[in-house]
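What follows is a single structure, written as structure tokens, with notes after it.
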Amino acid sequence: MFDGYKKYIPFVPQPIENRTWPDKVVTQAPVWCSVDLRDGNQALVDPMNLKEKLDYFHTLVDIGVKEIEIGFPSASETEYEICRELIEGGHIPDDVTIQVLVQAREHLIKKTFEAIRGAKHVILHFYNSTSTLQRKVVFQMDTDGITKIATDAADLIYEMSQPLIQEGMDLRFEYSPESFMGTEMDYAVEICAAVLDHLHATAEDKVILNLPTTVENCMPNQFADMLEYFIRKLPGRERAIISLHPHNDRGTGVATTEMGLLAGAERVEATLFGNGERTGNVDMVTLAMNMYTQGIDPQLDFSHINAIRDMYERCTKMKVGERQPYVGELVFTAFSGSHQDAINKGFNYMEQSGSGKWEVPYLPIDPTDLGREYEPVRINSQSGKGGAAFIMHHKFGFDMPKEMHTEFGAVVQAETDRVGTELRPEAIYELFRKEYLDVNGPYRLIKHSFHEETAPDGTSAVTFTGTIQHKDTKFVVVGEGNGPIDAFFTAIHGQKMDRFTFVDYKSHAISMGSDSRAVAYIHLRDQSGRDVFGVGVDSNINLAPLKGILCAINRAVNR
Ligand code: KIV
Ligand code: ZN
């Protein structure tokens, strides 16, 4: 047995008594900060160029993100230039704050101050690593040394910021004890409190304390315990805005954030679709739309998610996965027959109940809220009869009677078995067209007329006269009935076509291109009790059912 797991040191949970977070619920959106252009960008194979960063920035603004970390301007000339272009090029709306990241190092801080000249609203975000592992392996320094790095930086930042603030810049500060999740909580409290002191934080002039899960190392509930403990112990907690910056190494970044919000966090740093170092940062879209589906306004607009995804893929050269929540290509599909039927019923139920509430099984959100469609159902060999009918109804407007679903479902099933792959809606329509709409023989109606007479008592009689062609033979039929269908059935009585009994009929209007037509579904039964359906489409509402009857008869004769 492979025993590689033995080399890992298990996470030691933070003891906490009377935790309160499990009883809370999220009731409002946090302050969102996008770190796409920094944490996301630095993790790309090819970091974004200026044009891509600008496109991305404008998309974030359109989504409604009010705090945007635009980069690490002291890290490279390109990063610096991008910061300057955003400021000088007038790209930053007045209600948006840009955030810039810098390590807690003097020369980098000085360069960062140069980079932000002229901006209206800025968050200066500085960090140093605090975890036991980083202290031991990277810095070989005790906690006092680590704290001094942070407080020296805080002093310099505070001092350099005063002239800018006096000139009118809205300049705020953010401190991250990087690798917070691997730091002893009592030490995390100590260093953060020292930084708050050195930045002269007050309840009016709060400092953002950003507590990163730099590398996710524990379960979300354990993280929430740490956070609740940290917040309880922090002296002057009202001086701080508690911010989260979760990464996703264990795949639980979203859960960590949600539980972190329960534990008292007020702000979240995230990226679109979870781009970022290694497994990424937490996904802002999932977080926001999770709130949305709980009836909470996320304060972000993802109602054109496909356009956002296209921009993201173009600028980052990354791909959004097919099953990525809310945006993945396949998330508004159902292949399984029982799911398809339930979804169908959900839509019908909502139409009937008119409650305006979303109650569709297997679809946690209305796809149109994201500018998407319930695709409708995707059809493969696992799909049931309801799926194909749903597509024909919702995509092409043919609302077949329920009794017909089985017959058409079998046609579709035979095709999925034959091709062995998924059938796109257009292919389903083609099957429907071939099976019902393109049936032209052996019986064809060449010409016809109706004559209607109404008696003094209000009853009316319809006479049908028509010429039908069967192969090379033409014959005239005449019949009378109380309506067009009845008259036609009487007319074909005595012909070979009369071994069918009429079971049912349904019709509705359908728009085809620019005009509106009638579609009729005819249900007949032959002498051996076999059901057969026909479909007729015509601009004349009387003719559509007759075409449907001939279609059903022809299909029965042909099979
Ligand atoms: O993940 C992290 O810890 C960071 C910090 C710089 C905030 O990105
Ligand atoms: Zn990060």
Whole-percent carbon and sulfur share, accessible surface of the stretch 337-434, 1.4 Å: 49
Give me the accessible area per residue for the stretch 337-434, probe 1.4 Å, as a whole number in Å². 49
FRET efficiency, Val25 to Ala194 (Cβ-Cβ, R0 41 Å, nearest 0.05): 0.75
Can you work out the accessible area per residue across the stretch 1-79, with the rest of the protein chains kept in place, probe 1.4 Å, in square angstrom? 59
Find the Cα radius of gyration of the stretch 18-111, compare it with 2.2 N^0.38 Å by division, and give the number to two decimals. 1.29
Return the long-range amide H neighbours of Ala75 (sequence gap of 5 or more, or a different chain), with a cut-off of under 5 Å between placed amide H atoms. none
Can you work out the Karplus-derived ³J(HN,Hα) for every residue in the stretch 160-168? Use 6.51 cos²θ - 1.76 cosθ + 1.60 with θ = phi - 60°, whole Hz, and x for glycine or proline. 5, 7, 4, x, 5, 5, 5, 6, x
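Using 22 Å as the Cα-Cα cut-off, could you pick out the over-long pairs in Lys345/Lys395; Lys345/Lys385; Lys506/Lys547; Lys402/Lys434; Lys319/Lys357; Lys395/Lys447?
Lys319/Lys357; Lys395/Lys447
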Burial order of peptide ranges 3-10, 166-173, 516-523 (average beta-carbon count within 10 Å, highest first): 516-523, 166-173, 3-10
Fully extended contour minus Cα-Cα distance, from Ala342 to Glu81, at 0.36 nm per residue: 88.5 nm
Any lysines with Cα under 27 Å of the Lys317 Cα? List them, leaving off those in the same chain fewer than 8 positions away. Lys51, Lys53, Lys66
Full-extension gain in nm, Met219 to Lys110, via 0.36 nm per residue minus C-alpha separation: 35.4 nm
Relative contact order (percent) for the chain, with alpha-carbon contacts under 8 angstrom and 6 or more residues of separation? 9
Amide H of Arg250: which non-local residues (sequence gap of 5 or more, or other chain) have their own amide H closer than 5 Å, using H built in the peptide plane? Glu216
Here the averaged projected area of the stretch 337-434, based on the convex hull of its alpha-carbon atoms and given in nm², is 6.4
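Hey, what's the stretch 443-558 come to in accessible area per residue, 1.4 Å probe, Å²?
Values: 6080 Å² over 116 residues.
Ligands and nucleic acids excluded, the result is 52 Å² per residue.
In the neighborhood of Arg172, defined by Cβ-to-Cβ distances under 11 Å, what is the net charge if each Lys or Arg adds +1 and each Asp or Glu adds -1? Spell out each step's value before the answer.
Details: positive: Lys206; negative: Glu67, Asp170, Glu174, Asp205.
Value of the local net charge: -3.
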On a 0 to 90 degree scale, rounded to 10, what angle separates helix 50-63 from the longest Cα axis of the chain? 70
Give me a comma-separated list of calculated 3J(HN,Hα) values for the stretch 176-185, in order, Karplus coefficients 6.51, -1.76, 1.60 applied at θ = phi - 60°, integers in Hz, x for any Gly or Pro. 10, x, 4, 6, 3, 5, x, 9, 5, 4
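Mind giving me the FRET efficiency for Lys474 and Arg517? R0 is 25 Å, r the Cβ-Cβ distance, nearest 0.05 is fine.
Working: r = 27 Å, r/R0 = 1.07.
Efficiency computed from Cβ-Cβ geometry: 0.40.
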For the chain, what size does the Cα cloud have along each of its three principal axes, sorted from largest down, in whole Å? 105, 60, 46
Output ³J(HN,Hα) for the stretch 78-95: one whole-Hz value per residue in order, computed from phi by the Karplus curve 6.51 cos²θ - 1.76 cosθ + 1.60 with θ = phi - 60°, and x for Gly and Pro. 4, 4, 5, 5, 5, 4, 5, 5, 4, 6, 6, x, x, 7, 9, x, 4, 9
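The values are calculated or read from the model by the stated rules, or taken from the named source; none is laboratory data. The structure presented is a predicted model; accordingly, all values stated were derived computationally and were not measured. Cβ sites come from the backbone with ideal geometry, for glycine too, and all protein chains shown count toward neighbours. Heads up: the accessible areas ignore ligands, DNA and RNA and are worked out on the full protein's heavy atoms, side chains in. Shrake-Rupley method; radii C 1.70, N 1.55, O 1.52, S 1.80 Å.
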